[in-house]
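Peer 1: The structure's right below; bear with me while I get my questions together.
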């Protein structure tokens, strides 16, 4: 059975129609938004690199590197090396990449490429 997740609240649905027809109190639009990353047993915050075993746990946690104060899901695939989409710096894990600062990103931090 396919599973579809909202990237704002982590709610799981068995089909895309159920997900897109529901309301989400954590989304700016008020509607659930499809998590387009690949589902593994590892989910990462794209702001701080923190790793979780499920999307709902990641989304419910606080993040001191995110503008919203909440973890933001990384929707790219799991890799052996992660690169900053602004400057190309590479690291072997997401946490190391997001810990550094990036002079080419207007926000001042490395942001992982998909």
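The values are calculated or read from the model by the stated rules, or taken from the named source; none is laboratory data. Remember, predicted model here, so these are calculated numbers, not experimental data. We place every Cβ from the backbone using ideal geometry, glycine too, and count neighbours over all the protein chains shown.
Peer 1: Does residue 58 satisfy the condition of being buried (at least 18 other Cβ atoms within 10 Å of the Cβ), on the phi < 0 side of the Ramachandran plot, under 15 Å from the mean Cα position of the chain (by Cα) and not in a loop (DSSP other than H, G, I, E, B)?
Peer 2: yes
Peer 1: Can you tell me which residue within the stretch 72-114, out of those that are in a loop (DSSP other than H, G, I, E, B) and touching a residue at least 60 places away in the same chain (Cβ under 8 Å), is farthest from the chain's Cα centre (by Cα)?
Peer 2: The selected residue is 111.
Peer 1: Next question, about the same structure. Any idea which residue in the stretch 91-108 is farthest from residue 55 (Cα to Cα), counting only those that are touching a strand residue (DSSP E or B) at 6+ places or on another chain (Cβ under 6 Å) and surrounded by 14 or more Cβ atoms within 10 Å (Cβ to Cβ)?
Peer 2: Looking at residues that are touching a strand residue (DSSP E or B) at 6+ places or on another chain (Cβ under 6 Å) and surrounded by 14 or more Cβ atoms within 10 Å (Cβ to Cβ), I get 102.
Peer 1: Please work out which residue is surrounded by the fewest Cβ atoms within 10 Å (Cβ to Cβ), limiting yourself to the stretch 1-53 and to residues that are touching a helix residue (DSSP H, G or I) at 6+ places or on another chain (Cβ under 9 Å) and over 30 Å from residue 101 (Cα atoms). Before you say what the answer is, go through the steps one by one.
Peer 2: Looking only at the stretch 1-53, we keep the residues that are touching a helix residue (DSSP H, G or I) at 6+ places or on another chain (Cβ under 9 Å), and these are 2, 4-13, 26, 31-35, 37, 39, 43-52.
From the residues that got through so far, the ones that are over 30 Å from residue 101 (Cα atoms) too are 2, 4-5, 11-13, 31-32.
Working: 2: 8, 4: 19, 5: 24, 11: 19, 12: 15, 13: 18, 31: 14, 32: 24.
Only one residue fits best here, namely 2.
Peer 1: Of everything in the stretch 38-74, what is out of contact with any strand residue (DSSP E or B) (no Cβ under 9 Å at 6 or more places or on another chain) and at pLDDT below 90? Give them in sequence order.
Peer 2: Scanning the stretch 38-74 gives 38, 40, 41, 67, 68.
Peer 1: Which one of 27, 18 is more than 10 Å from the chain's Cα centre (by Cα), more than 13 Å from residue 75 (Cα to Cα) and part of a loop (DSSP other than H, G, I, E, B)?
Peer 2: Exactly one residue qualifies, and that residue is 27.
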